[in-house]
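Taken together, the values in this text are just the output of simple stated rules run on the coordinates, not laboratory data. Values in this document were obtained by computation on a predicted structure and should not be read as measured data. Because the Cβ atoms are built from the backbone with ideal geometry, glycine has one as well, and the counts that use them run over all protein chains shown.
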Amino acid sequence: MENSATPDATGRARGGGWTWWFAGRASRREYWIYIGLLIVLGVVFSYSPPAVNLVMYVVFTLIMVRRVHDFGRTGWWAWAAAALPFSALLLLMMTSETVASLVSLVITVALMIAVGAIRGDPGENRFGPPPPVTVKRILTGR
């Protein structure tokens, strides 16, 4: 079986296949640029089918995975944080759909701000060196 890991500029092995984007770290600036793009896309596609919103939420979670890597946490923290609004939504659906939607939105925005505000590790951590912010990195994640 062939090894799909290839070394990056720092000599660390990067995974191949569709999971390559999980590896590495995202700086606060890179994270907020992605969030801004997602907000613009959310406004543009606001009247789209729910599947489009779900895809955008998955993309948001993937961005959050790389962001939590910047302060030394595993991506599972991002997935747990992404599931929290849905859990609150399911619990609150028993009371009022409006209240449930509002609470879910507040939790999502609070998590988005918290993850974007935490300062990353200044040096190298187990997910790699501090990420440089370049246009290429923002567009490709590499």
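Couple of notes before you dig in:
- Amide H to amide H, with H built 1.01 Å from N, Asp121 comes under 5 Å of Phe71, Gly72, counting only residues 5 or more places away or on other chains.
- On the basis of the beta-carbon distance and an R0 of 22 Å, Asn125 and Tyr57 show a calculated FRET efficiency of 0.25.
- Amide hydrogen neighbours beyond the local backbone of Gly128, cut-off 5 Å, H modeled: none
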